[in-house]
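The values are calculated or read from the model by the stated rules, or taken from the named source; none is laboratory data. Bear in mind that the values here come from a model prediction, so they are computed numbers and not experimental data. Note: ideal-geometry Cβ built from the backbone for every residue, glycine included; neighbour counts use all protein chains shown.
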Amino acid sequence: MTIKGGYCQKILEMDLSKNNKHVINVSDNFAVKYVGGRGWGARIIWENLEHIKDPLSPSNIVVIAPGPLSGLYLPASGKTSFSSISPATGLYADSNMGGMFAVEIKQAGYDAIIIRGRAEKLSYLFIDDDCVEVRNAKKYKGLGCVETERQLKEDLGDETLRIATIGPAGENLVKFSCINSEWSRNAGRTGMGAIFGSKNLKAIVIRGTKDLPVFDLTRLVKLGEHAYKTLKSHRLFEFWQRQGLMTVVDYANAAGIMPTHNFKDTCFDDADKINGEVMETFYKIGDTACYACPMACGNVNLVKEGKYAGTVTEGPEYETACMFGSNVGINDFAAILKANYLCDEYGVDTISTGNLIAAVIEAYEKGIITLDELDGMALHWGDSDSIMELIRKIGEREGIGNVIAEGSYGLIKKWPAMKQLISQVKGLEQSSYDVRSAITMALAYGTSDIGGHHARAWTIAKELEVGADWTLDEKAAIVIYQQTVRPLFDMLGVCRLPWVELGFNESAYAEFYSAATGIETSLEELLKRSEAVYNITRAINIKLGATIEDDFPSWRCFNEPIKTGPLVGKKLDREEYTKILKLYYNKRGWDENGVPMLKTLDRLELTDIKI
Amino acid sequence: MRKLTVIPERCSGCRLCELACAINAFGVNNPKKAKLRVFSLYPHPVIKKPIVCNQCGIPKCSENCPTGAIYIEDGIVKIDEKTCVSCQMCVTSCPFGAIFVHQEIAVPFKCELCGGNPKCVEVCPKKAIIYTPEHILGQSARLAGVLKYAHMKEVEYFEHGIVKKLRYADIEKDKTSGDNNDN
C-alpha cells in the first residue's frame, strides 16, 4: 500500500513556547489508517494525552487538519478540522470550518498543523509555503475577528491570504469562543478560540501555491463532474442556493422540534417572522459558498432599516436563527442578524451563546439569578437590546458576562439550580433540536464524543417520519451508523451537506478517495476507519474521566413534557433511555460502562490503544 | 465574436471556475494556476467578482510588451511563449489584472477562451460567468437602467370585499423631467 496522491504527507509542528518549527514526515500507514482531518487529530491527541494537563495550559495541543480530499475538484472540499481537548467539557473536542482555509494549508504543502506551547506575547503564525514565522500581533489585540482579518490583509498587502483568527472572546478565554475565517466561517463549537487564546495565538495567516497531489486527475475530474451534475439536477438545488440551511426553520417549527424559550417549548408562534422566506424577501443581498461548492449555503444579509440598519453579515443559518430567535424569544430577523454579527465579531459560538443566554433569562424569571447579579439588567424573552448587551459582556468578560463565559459548567457551579435549566451534554450546550420526542436524537446527543452537538448524528427527522415502529435495537443501530458516516466527512476534509441535504450518495466518496490516493478503497473500509476513530475519541474521554452519566441528555428531557405543539405531552423515559444506551454500548462493542472492549479495539486494529 | 462577461451579484465566491480552469489549462489541481481569479472583498462592500480577460480590441498588455510577444488572433489576445521574456509588464499594465503569474510557470498566462468553450462558464453553479455575443455586452446595464427607471411598485386594494393587487411603475419625478427635486 503506497500513497500516490491526496496527501502531502507532511505535518507542520509549531511549538510556540520554543518558537520552534518542525516538519514531520507522515508514514503511509498512519495517513491511511486515520484518513485525515478529525481522524488524524484524534490519533495525535491520543498520543499526547498523558502530557496534557489543563486544556488552557501550554501543555494542550491543537491539531488543524484538512483531509485527503480537501481542495480537490469535488463538491465542497474545503473543510478544516480543529481537534484538541476542550476547555468547556474537559474532554476530546473537534470543530470544523468551511471556506478556503483548508485549501491553503494543503497548497502550502501540509496535511496538518500541530500547535503546541504558548507564545510569550500575543502572536500570529505566518505561513507562506515553506516560510513559517511567528510574528507579533500586539497591534491586533482586542480586535474583532472580521476587523483582524481585514487589517492583517491590509498590513501584509495581500487580499488573497487566508486567515483564521480569534476575536476578543478567544483572547479572554471564553469557554465557547470560536475560530473565525473569511468573515463568517467558524470552527465554532467546543471553545477552540480559547485554546488559541491560551496559546497567545491571535491568528494563522497562510498562503500556499503548490499543486495538490492527485493520483489520477482524469478520473477525479470525471467523478467530480458527475457529482456536480447530480447536485445541480436535484429538485431542491435552486431552492437550497436561495435559502440554504434557513429552510430548516419552517420544517423544525412545523415538526415541533424547534427549541423555544430555552428549550421549554418546541414551537414558536412567530416562526414565520424568522424563517427563510423572510430572509430571502427582506434581507438577503448575496450568496456565499465554501471552496468548490455549488450549493452556496451562505446567505449574505443586510438590514436596511430600523435600529439595526447597516448590519451586514453572512448568516444566520438554522442554528443561529433558532438560538437567537425562538430560543430567546426574538421575533425580529434584524435582531438575529445583529446578534449573529456580534457573535462573529467577538468570536463566540452562536449556539452556545444563544443557549446560555436563554438559560440565564429563564433563571432570572425563576428567581435563581437576582437582578443585582445581572448587573441590574432585567432580562425578558425577546428583549433584543439586553441580549446584544449580554453578548458584548460575554465577549469582554464583564460582570454577568464573566460568569456566562465559563459555559454551562460555570453557570451550574455558581447556581446549582441551573442544572435543570441548561440543555447541555458533557458541558457542551445542546444545538437546536428538542429531543423529547425522538429518543434516537437524545442518544445521538448523549453519545456524541464532543458533547451536545448534532454533527455526529442527526436522526430526528427520520425517526419522526418513519421511526414509529422501530425497535430500540434498530434505533441504536441507526445512531451508530450515522455516527460512523457523518464523522467520515470530517476525516476526508469535505462537507457532509451534499449528502445530507441533496441526497448525494456517500459511496462516491470512496471513489474520490481511491482516485486521489491511488489506493482502491471501499466505503466499508472507510467506515471501519471512521468507527475506529470514534473508539479513539471514546478512549480519550474515558481516560479523561468521562462516565456513563456523561452520556445522558439534559434534565428537562426526562422531567418536563412538551407543553404545546404537535408533539405535546412527549418526554423521555429515563429507564428506556438507560436501556437504549446499554444496547448502544453493546452494539459498539463497549462494556456496560461504555469502555471499548479489547476485542473491539482488536477488530478495529487499535491494539496499541490501552485504556 | 463572443466574450466572457461576469455578473458579480451572482457570484458566491466558490472558486470552482479557478479550479476547473487550472485543471483544463495545466492539468493540475491548483487554483493558483488559473487564468481567471475570483476576488472577494469583505466586509464592505460585500462583493465577489471573477476577474476575466476582456480580450480588449486595443490591449494595453500588448502595447506595453517590450518584445511584441502579445498578439491578437481571431479576436483572442495571446502570449507567444517563445518571444516572451517574462518581464511581467503585461501583468501590471492590464487595467483589470487579468494576466497571472506563478513561480512554477515560465511565462505569464491569460485566458484564451478554451477554444470557444470556456470551462469556467460550464462549471459556474451560479451562472455568474457568461459567454455571450459581443452585442449583448452592456445589456445588463441597459436593463438595470430601465428597471431603475421603472421602479415597479405594488398596491393592494379591495374590490367587492376581495383583496387585489395592482402593479405599476413608480416613476420618479426628478428622473423623468430632469428638473431639480424641490423637496
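Looking at A:Phe82, is it at pLDDT 95 or above, surrounded by fewer than 24 Cβ atoms within 10 Å (Cβ to Cβ) and among the aromatic types (Phe, Trp, Tyr)? Please lay out each step first, then the result.
Values: at pLDDT 95 or above: yes; surrounded by fewer than 24 Cβ atoms within 10 Å (Cβ to Cβ): no; among the aromatic types (Phe, Trp, Tyr): yes.
When the stated conditions are applied, A:Phe82 does not pass them.
Within region A:103-128, which residues are farther than 17 Å from A:Tyr34 by Cβ, within 14 Å of chain B (Cβ to nearest Cβ) and not β-branched (Val, Ile, Thr)?
Correct list: A:Glu104, A:Gln107, A:Ala108, A:Gly109, A:Asp128.
Check B:Cys61, B:Cys14 and return the single one that is under 13 Å from B:Ile129 (Cβ atoms) and touching a residue at least 40 places away in the same chain (Cβ under 8 Å). Let's see the steps before the verdict.
Numbers: B:Cys61 fails: under 13 Å from B:Ile129 (Cβ atoms).
So the residue among B:Cys61, B:Cys14 that is under 13 Å from B:Ile129 (Cβ atoms) and touching a residue at least 40 places away in the same chain (Cβ under 8 Å) is B:Cys14.
Report whether or not B:Val38 is surrounded by fewer than 23 Cβ atoms within 10 Å (Cβ to Cβ), among the hydrophobic types (A, V, I, L, M, F, W, C) and within 11 Å of chain A (Cβ to nearest Cβ). Break it down into steps so the answer makes sense when it comes.
Details: surrounded by fewer than 23 Cβ atoms within 10 Å (Cβ to Cβ): no; among the hydrophobic types (A, V, I, L, M, F, W, C): yes; within 11 Å of chain A (Cβ to nearest Cβ): yes.
Against the criterion (surrounded by fewer than 23 Cβ atoms within 10 Å (Cβ to Cβ), among the hydrophobic types (A, V, I, L, M, F, W, C) and within 11 Å of chain A (Cβ to nearest Cβ)), B:Val38 does not qualify.
Could you check region B:10-26 and list, in sequence order, the residues that are out of contact with any helix residue (DSSP H, G or I) (no Cβ under 9 Å at 6 or more places or on another chain), within 7 Å of another protein chain (Cβ to nearest Cβ) and of a type outside the set (Gly, Ala, Ser)?
Within region B:10-26, B:Cys14 is the sole residue that qualifies.
Restricting region A:40-79 to residues that are aliphatic (A, V, I, L, M), crowded, with 24+ Cβ neighbours inside 10 Å and farther than 23 Å from A:Gly452 by Cβ, which is farthest from the other protein chains (Cβ to nearest Cβ)?
By that ranking, first place goes to A:Ile61.
Kindly check whether there is at least one residue in region A:51-61 that is in the same structural domain as A:Glu133 (by TED's automatic domain parsing) and part of a helix (DSSP H, G or I).
Going through region A:51-61, the residues in the same structural domain as A:Glu133 (by TED's automatic domain parsing) turn out to be A:51-61.
In the following step, the residues that additionally are part of a helix (DSSP H, G or I) were identified as A:51.
Scanning region A:51-61 turns up at least one residue that is in the same structural domain as A:Glu133 (by TED's automatic domain parsing) and part of a helix (DSSP H, G or I).
Of the residues A:Ile357, A:Ile422, only one is closer than 27 Å to A:Asp449 by Cβ, in contact (Cβ under 8 Å) with a residue 60 or more places away in the chain and outside the structural domain of A:Gly188 (by TED's automatic domain parsing); which?
Working: A:Ile357 fails: in contact (Cβ under 8 Å) with a residue 60 or more places away in the chain.
Exactly one of A:Ile357, A:Ile422 is closer than 27 Å to A:Asp449 by Cβ, in contact (Cβ under 8 Å) with a residue 60 or more places away in the chain and outside the structural domain of A:Gly188 (by TED's automatic domain parsing), namely A:Ile422.
Looking at (1) touching a Gly at 6+ places or on another chain (Cβ under 8 Å); (2) more than 19 Å from A:Asn355 (Cβ to Cβ); (3) within 13 Å of chain B (Cβ to nearest Cβ); (4) surrounded by 18 or more Cβ atoms within 10 Å (Cβ to Cβ), find the lone condition where A:His234 falls short.
(4)
Please go through region B:117-134 and pick out each residue that is within 11 Å of another protein chain (Cβ to nearest Cβ) and of a type outside the set (Val, Ile, Thr). Before you say what the answer is, go through the steps one by one.
Taking region B:117-134 and keeping what is within 11 Å of another protein chain (Cβ to nearest Cβ), we get B:119, B:122-128.
Those that are within 11 Å of another protein chain (Cβ to nearest Cβ) and of a type outside the set (Val, Ile, Thr): B:Lys119, B:Glu122, B:Cys124, B:Pro125, B:Lys126, B:Lys127, B:Ala128.
Hey, among B:Ile51, B:Ile47, which residue is under 22 Å from A:Phe101 (Cα atoms), within 13 Å of the chain's Cα centre (by Cα), among the hydrophobic types (A, V, I, L, M, F, W, C) and more than 9 Å from chain A (Cβ to nearest Cβ)? Break it down into steps so the answer makes sense when it comes.
Details: B:Ile47 fails: more than 9 Å from chain A (Cβ to nearest Cβ).
Of the residues listed, the single one that is under 22 Å from A:Phe101 (Cα atoms), within 13 Å of the chain's Cα centre (by Cα), among the hydrophobic types (A, V, I, L, M, F, W, C) and more than 9 Å from chain A (Cβ to nearest Cβ) is B:Ile51.
Tell me yes or no: at least one residue of region A:33-54 is in contact (Cβ under 8 Å) with a residue 60 or more places away in the chain, out of contact with any helix residue (DSSP H, G or I) (no Cβ under 8 Å at 6 or more places or on another chain) and farther than 21 Å from A:Glu605 by Cα. Give the steps one after another, and end with the answer.
Going through region A:33-54, the residues in contact (Cβ under 8 Å) with a residue 60 or more places away in the chain turn out to be A:33-46, A:49.
Applying the additional criterion that residues be out of contact with any helix residue (DSSP H, G or I) (no Cβ under 8 Å at 6 or more places or on another chain) yields A:41, A:44.
Then drop every residue that is not farther than 21 Å from A:Glu605 by Cα, which leaves none.
No, there is no match, as no residue in region A:33-54 is in contact (Cβ under 8 Å) with a residue 60 or more places away in the chain, out of contact with any helix residue (DSSP H, G or I) (no Cβ under 8 Å at 6 or more places or on another chain) and farther than 21 Å from A:Glu605 by Cα.
Please verify whether region B:1-11 includes one or more residues that are assigned to a loop (DSSP other than H, G, I, E, B), modelled with pLDDT of 95 or more and buried (at least 22 other Cβ atoms within 10 Å of the Cβ). Lay out the reasoning, then the answer.
Going through region B:1-11, the residues assigned to a loop (DSSP other than H, G, I, E, B) turn out to be B:1, B:7, B:11.
After this cut, where a residue has to be modelled with pLDDT of 95 or more as well, the list is none.
For region B:1-11, residues assigned to a loop (DSSP other than H, G, I, E, B), modelled with pLDDT of 95 or more and buried (at least 22 other Cβ atoms within 10 Å of the Cβ): absent.
What number of residues in region A:243-268 are surrounded by fewer than 22 Cβ atoms within 10 Å (Cβ to Cβ) and in a loop (DSSP other than H, G, I, E, B)?
Residues that pass the stated criteria total 3.
In region B:96-147, how many residues are in contact with a Pro (Cβ under 9 Å, 6 or more places away or on another chain), closer than 16 Å to B:Pro50 by Cα and not small (Gly, Ala, Ser)?
10
Where the second residue is among the charged types (D, E, K, R) and part of a loop (DSSP other than H, G, I, E, B) and the first is closer than 11 Å to B:Asn64 by Cβ and within 14 Å of chain A (Cβ to nearest Cβ) and lies in region B:82-103, which pairs have Cβ atoms under 7 Å and are six or more apart or on separate chains?
Close Cβ pairs satisfying both conditions: none exist.
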